[in-house]
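Participant: One structure follows; several queries about it will come next.
Read the figures in this text as sums done on the coordinates, not as results from a lab. What you see is a predicted model; the values in this text were computed from it and never measured. Cβ: placed from backbone, ideal geometry, glycine included. Neighbour counts: every protein chain shown.
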C-alpha cells in the first residue's frame, strides 16, 4: 500500500466520486448569506455562501439560474438546494446549486438598503445633480490604493489616450477599518489640488465586505459634496456600491474610468481640425457678408454725398428745363396755329370783307358809331381802301334801307 502512488488527477477524481456517492451530500438544502456574487458571460452564477463561522464556494449553472425568479445580490440570505462536489481541475470543493429561494435579507444588505433609501430621500442620487465630465482635463485625480492593478490600469489607458494629461494620486486605504474615513479625506484633499478637473475614486473587485467602505455614508457624502466631477470605478462591472449612485459618472472598471476621464488625443486633434475648418468657413462667410454690407453702405453713402445730390438736382433741373422748353414750344406752336385759324376766321367774318363789298365803318375816337344819335359832328369814315374825315350835316333816324324799299 505504501508503494501506491496517485497522480493529482486521480486523487481529485477519487474524492469527487466519493462525494458524489455519499447520499447525505446529494440534494441537500443549504442556508447562508451570499457574498462575492458574479454573473459570468456564459450565464453561470458564481458566489460564496457564508454564515457566522464558515463559507463555501457555490456555482449555479445557467439552466438552473434561469429558473430563479429574483436576482441574487451580495448580503442576501438564501436557501440553496443542490449537491456537494469537487471541481477536479482545481481540486476545489464547492456546492452545485440547482435551486435557490430567498431566506430573508442579510444584515449587510439590510443596512445597505436603509442607507440607500435615506440618501435617496435627501436627493444625493438625483440625476439633476450629475455634472458633465470636462472635455479637456488638465489633471486627473485618483483616490485608490497605492499598490494594485487600479493605478497601473488607469496610467496605461491614460498614456495611450493622451500622454499630456497629468495623473495625481492620493493613496487611500480601500478596505478594512478606517478605510471609509481615509477615502473621504482623500476625495476632499485631491479636490483642492490646483488643476484637478476630474477625480476617479475606486478599487479592484472583491466581495461585498471588501467593497463595503464605498457604501459607507461618509464616503457617499464626500463624493456628493465634491466640487469636482467624480467617476466611481469600484470593483467589476457587476459590482454596485452607493458611491456609484452619488458619483457623476459610474464606470464598470478602473480602465473604463480612465477611458471616460482622459480624452483621446487623436480624436481631439480631429475634432479641433474640424472645428478650425468650420470656424474658417464661418469667418469667410461672415467676411463676405460684412463686405457686401459695407459695399451697400458705401453706395448709399456715396448716393447721399452733397455733390451727388447736387448733381442729381442739376440733372433734375436740366430735365425740367428741357421739359419746360419742349412744352413751351408746343404751346407756342399750338397758340400760333390757333391764332392763324382765328385770323382766317376774322378775315372771313371781320369788317374787311364787308368794306371790300362797298360798306363803310364810322369811327369816333377809335370807337365804332352804330347809332345815328351817337354820331358826332366830325367822324372818321373807314372804307375798303382807306379813311375819310367827314362832317355831319344832318341826322336822320329810322330804317336806313327805307328809301331803297320805296324806290324798289
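Participant: Using 0.36 nm times the number of residues separating residue 127 and residue 168, minus their current alpha carbon distance, what extension gain do you get?
Facilitator: Values: separation 41, 0.36 × 41 = 14.76 nm, distance 2.77 nm.
Between residue 127 and residue 168, full extension yields 12.0 nm more.
Participant: Cα extents of region 232-274 along the three principal axes, largest first, in whole Å?
Facilitator: 40, 17, 11
Participant: What nm value, rounded to one decimal, do you get for the distance between residue 93 and residue 320 when each label is placed 7 Å out toward the C-beta?
Facilitator: 12.3
Participant: Could you sort the peptides 239-245, 327-333 by per-residue average Cβ neighbour count (10 Å cutoff), highest mean leading? Let's see the in-between values first.
Facilitator: Details: 239-245: 22.4, 327-333: 10.0.
Ranked from most to least packed, the peptides come out as 239-245, 327-333.
Participant: Separate question: In the Gaussian network model of the chain, springs joining C-alpha atoms below 10 Å, which of 259, 394, 33 carries the largest mean-square fluctuation?
Facilitator: Its mean-square fluctuation being the largest, the pick is 394.
Participant: Using a Förster radius of 45 Å, what is the FRET efficiency between residue 10 and residue 260 based on their Cβ-Cβ separation? Nearest 0.05, please.
Facilitator: Efficiency, from the Cβ-Cβ distance: 0.35.
Participant: Any chance you could check the Cα centroid distance between region 253-269 and region 102-180 for me, in angstrom?
Facilitator: 16
Participant: Roughly how far apart, in whole Å, are the Cα centres of region 8-31 and region 348-366?
Facilitator: One Cα centre to the other: 167 Å.
Participant: At 1.306 mPa s and 10 °C, plugging the Kirkwood radius over alpha-carbon pairs of region 275-408 into Stokes-Einstein gives what diffusion coefficient in µm²/s?
Facilitator: Numbers: Rh = 23.7 Å.
Estimated diffusion coefficient is 67 µm²/s.
Participant: Give me the Å³ per residue figure for the convex hull around the C-alpha atoms of region 70-123.
Facilitator: Numbers: hull volume 6.3 nm³, N = 54.
Taking the convex hull of the Cα positions in region 70-123, it is 117 Å³ per residue.
Participant: Can I ask one more? What fraction of the Cα pairs in region 264-313, stated in percent, has a spacing above 14 angstrom? Numbers along the way, then the final one.
Facilitator: Details: 843 of 1225 pairs.
For region 264-313, the fraction of Cα-Cα distances above 14 Å is 69 percent.
Participant: Still on this structure, please answer the following. So how long is each side of region 172-227 along the principal axes, counting just the alpha-carbon atoms, biggest first, in Å?
Facilitator: Extents along the principal axes: 34, 20, 16 Å.
Participant: Can you compute the modelled spin-label distance between residue 313 and residue 338, with each label point 7 Å from Cα toward Cβ, in nm?
Facilitator: Between residue 313 and residue 338, the label points sit 3.6 nm apart.
Participant: Which three semi-axes in whole Å describe the equivalent ellipsoid of the chain, each the square root of 5 times a Cα gyration tensor eigenvalue, listed largest first? Could the numbers behind the result be given before it?
Facilitator: Numbers: eigenvalues 3494, 157, 93 Å².
In descending order, the three semi-axes are 132, 28, 22 Å.
Participant: Shifting gears a bit: Given springs between every Cα pair under 10 Å in a Gaussian network model of the chain, which of 78, 230, 388 has the largest fluctuation?
Facilitator: 388
Participant: So what does log10 I(q)/I(0) come out to for region 352-407 at q = 0.14, 0.16, 0.18 Å⁻¹, using the Debye formula with one equal point on every Cα and no solvent?
Facilitator: Debye curve over Cα of region 352-407, log10 I(q)/I(0) at q = 0.14, 0.16, 0.18 Å⁻¹: -0.43, -0.56, -0.70.
Participant: If you wrap a convex hull around the C-alpha atoms of region 24-128 and split its volume per residue, what is the figure in Å³?
Facilitator: Numbers: hull volume 14.4 nm³, N = 105.
Once divided by residue count, the hull of region 24-128 is 137 Å³.
Participant: Let me ask something else. Over 17 Å, how big is the tail of the calculated P(r) for region 138-263, in percent of all Cα pairs?
Facilitator: Details: 3801 of 7875 pairs.
Tail fraction, whole percent: 48.
Participant: Turning to a different aspect of this structure: Along Cα→Cβ, 7 Å out, is where each label goes; now give me the distance between the ones at residue 345 and residue 181 in nm to one decimal.
Facilitator: 13.2
Participant: Of 66, 293, 315, which is the most mobile in a GNM of the chain whose springs link Cα atoms less than 10 angstrom apart?
Facilitator: 315
Participant: With all distinct Cα pairs included, what does the Kirkwood hydrodynamic radius of region 194-273 come out to in Å, to one decimal, could you say?
Facilitator: Working: mean 1/r = 0.0750 Å⁻¹.
Kirkwood radius, region 194-273: 13.3 Å.
Participant: Quickly rank 165-177, 375-387 as a protection proxy: mean count of other C-beta atoms within 10 Å, highest first.
Facilitator: Numbers: 165-177: 17.5, 375-387: 12.9.
Output ranking for 165-177, 375-387: 165-177, 375-387.
Participant: Can I ask one more? I need the peptides 299-311, 39-51, 138-150, 198-210 ranked by packing, meaning the mean over residues of other C-beta atoms within 10 angstrom, with the highest value on top. Each step should come with its number before you reach the end.
Facilitator: Working: 299-311: 9.8, 39-51: 15.5, 138-150: 20.1, 198-210: 23.0.
The peptides rank, most packed first, as 198-210, 138-150, 39-51, 299-311.
Participant: Right, something else. Where does region 1-70 land on the Kirkwood hydrodynamic radius, alpha-carbon pairs, in angstrom? Walk me through the numbers before you get to the answer.
Facilitator: Values: mean 1/r = 0.0670 Å⁻¹.
Hydrodynamic radius (Kirkwood, Cα pairs) of region 1-70 is 14.9 Å.
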